[in-house]
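Engineer: The following block contains the structure, expressed as structure tokens.
The values are calculated or read from the model by the stated rules, or taken from the named source; none is laboratory data. A quick note: this is a predicted structure, and the numbers were derived from the prediction, not measured. Here Cβ is always computed from backbone atoms with ideal geometry, including for glycine, and neighbour counts include all displayed protein chains.
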Amino acid sequence: METQRTRVLYVLGEYPQISQTYILSEIEAVRTDYDVRVVALAKADLPCLDAHPYECVGDPERIDEIIEEFRPHVLHTHYLITLKLVSRLAERHRVPFTVRTHSFDALSGSDHLRRAPLLNRDSCLGGLAFPFTRPALERAGCRPEKIIDCHPVIDYQRFHDRSPNGTAVMNVGACIPKKRMEDFVDLARLLPDRQFDLYPLGYATEEIRRYNDERGGPVHIREVVQPEDMPGVYKRHGWLVYTACPRLCQVGWPMAVAEAQAAGLGVCMPNLRPDLEEYVGAAGFLYDSIEELPRTLSQPYPEEMRELGFDQARRSDVQRHKHLLTDLWDEAASRPRRSRRLEGDPIRSP
């Protein structure tokens, strides 16, 4: 007799967004052992073309109907942004929930931290968080035992490749002010004989394109790449320079760093906070100014650092740490189901 699989309902703000491939990778990693259904509150503006099926709900009350039909053992979401909605759904339907926080929502000073105390509810099985965000979550009122330290989510095997890399320099990510991609253009001007490729995702891409054109076009502005094609993109490069604004200081632990290290690239990142030494590790370089980088990029990436990079990236392998999440789901499935949903106020948007 086949054992009934645990049913997990993902409630997401937007899906399937290319800049949020950690969500795509997480779903890919768990759906082999769990029955996964996905609902999104908004459509992605840059969608992944190969993603787990989903339903975009214009009215949050439609989620009530889906829960009644699917009868999930647990609700799961990403970001503190949707926590108010998901916790309310959990209470109404007497279903526990989990959440995976990220950087911008859990960084110290984030407005979204005001929702962190919702993790203290009995219906919350736990919240996964980057280790460096734990102090901010606790200061916001979250009980320490509700926080589960976890590295970012990447599909390590997809990117792991020990074959030789190219020599070009790349940068990738959502094109927003906190990433300060203008620095990448300015750096390219300091190394005119080196190829620089920027893979911006939406938002202020046209502004960066103009900035680049006004400075003689030292950077190749590339089109959006689907996630399944990114391993080949990394291998054409020898370095990832991940820029960020030190004034805003809102960049956390970007998954691109771990993906690049798994593909054998050297990584350079601004020295924004002490915790980045833990994330980048001895395999990368933290810089205070882009003027420091030409000397580093002009040298071959040391082989011993490359080897360290493979090991460093493995810490973010979803197959290695997904049990931190699925152990909570298994706990939910073992709980006796209570009566159908409570009557109360209608569900509202987060």
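Engineer: With the condition being touching a strand residue (DSSP E or B) at 6+ places or on another chain (Cβ under 7 Å) and closer than 30 Å to Pro192 by Cα, I'd like the strands (runs of 3 or more DSSP E) fully within region 68-178 carrying at least 1 qualifying residues.
Structural biologist: Correct list: 168-174.
Engineer: I want to confirm something. Restricting to region 222-248 and keeping residues that are over 23 Å from Glu28 (Cβ atoms) and of a type in the set (Gly, Ala, Ser), which single residue is nearest to the chain's Cα centre (by Cα)?
Structural biologist: It comes out as Ala244.
Engineer: If you don't mind, there's one more thing I want to ask. Going residue by residue through region 198-207, is there one that turns out to be in contact (Cβ under 8 Å) with a residue 60 or more places away in the chain and more than 27 Å from Lys235 (Cβ to Cβ)? Can you show your working first?
Structural biologist: So in region 198-207, the residues in contact (Cβ under 8 Å) with a residue 60 or more places away in the chain come out as 201-202.
Going one step further and asking which of them are more than 27 Å from Lys235 (Cβ to Cβ), we end up with none.
No, every residue in region 198-207 fails to be in contact (Cβ under 8 Å) with a residue 60 or more places away in the chain and more than 27 Å from Lys235 (Cβ to Cβ).
Engineer: Also, quick follow-up: Can Val251 be described as touching a strand residue (DSSP E or B) at 6+ places or on another chain (Cβ under 7 Å) and either touching a residue at least 60 places away in the same chain (Cβ under 8 Å) or more than 21 Å from Glu26 (Cα to Cα) (or both)? Give the derivation first.
Structural biologist: Values: touching a strand residue (DSSP E or B) at 6+ places or on another chain (Cβ under 7 Å): no; either touching a residue at least 60 places away in the same chain (Cβ under 8 Å) or more than 21 Å from Glu26 (Cα to Cα) (or both): yes.
When the stated conditions are applied, Val251 does not pass them.
Engineer: Ok, one more. Under the condition of being over 21 Å from Thr101 (Cβ atoms) and aliphatic (A, V, I, L, M), which residue from region 2-55 is surrounded by the fewest Cβ atoms within 10 Å (Cβ to Cβ)?
Structural biologist: Top of the filtered list is Leu49.
Engineer: Here is a follow-up. Please pick out the residue among Thr82, Thr77, Thr6, Thr21 that is of a type in the set (Ser, Thr, Tyr), closer than 30 Å to Arg247 by Cβ and in contact with a helix residue (DSSP H, G or I) (Cβ under 8 Å, 6 or more places away or on another chain).
Structural biologist: Thr21
Engineer: Counting only residues that are without any contact (Cβ under 8 Å) to a residue 12 or more places away in the chain and of a type outside the set (Lys, Arg), which one in region 277-299 is surrounded by the fewest Cβ atoms within 10 Å (Cβ to Cβ)?
Structural biologist: Gln299
Engineer: Can I ask one more? Take the residues in region 212-235 that are part of a loop (DSSP other than H, G, I, E, B) and in contact with a strand residue (DSSP E or B) (Cβ under 7 Å, 6 or more places away or on another chain); name whichever of them is surrounded by the most Cβ atoms within 10 Å (Cβ to Cβ).
Structural biologist: Taking the candidates together, the pick is Val219.
Engineer: In region 150-160, is there at least one residue being exposed (fewer than 14 other Cβ atoms within 10 Å of the Cβ), farther than 30 Å from Arg114 by Cβ, free of Cβ contacts under 8 Å to residues at least 24 places away in the same chain and not hydrophobic (A, V, I, L, M, F, W, C)?
Structural biologist: There is no residue in region 150-160 that is exposed (fewer than 14 other Cβ atoms within 10 Å of the Cβ), farther than 30 Å from Arg114 by Cβ, free of Cβ contacts under 8 Å to residues at least 24 places away in the same chain and not hydrophobic (A, V, I, L, M, F, W, C).
Engineer: Just one of Leu248, Leu198, Leu240, Leu265 is buried (at least 22 other Cβ atoms within 10 Å of the Cβ) and either over 24 Å from Glu303 (Cα atoms) or at pLDDT below 95 (or both); which is it?
Structural biologist: Leu198
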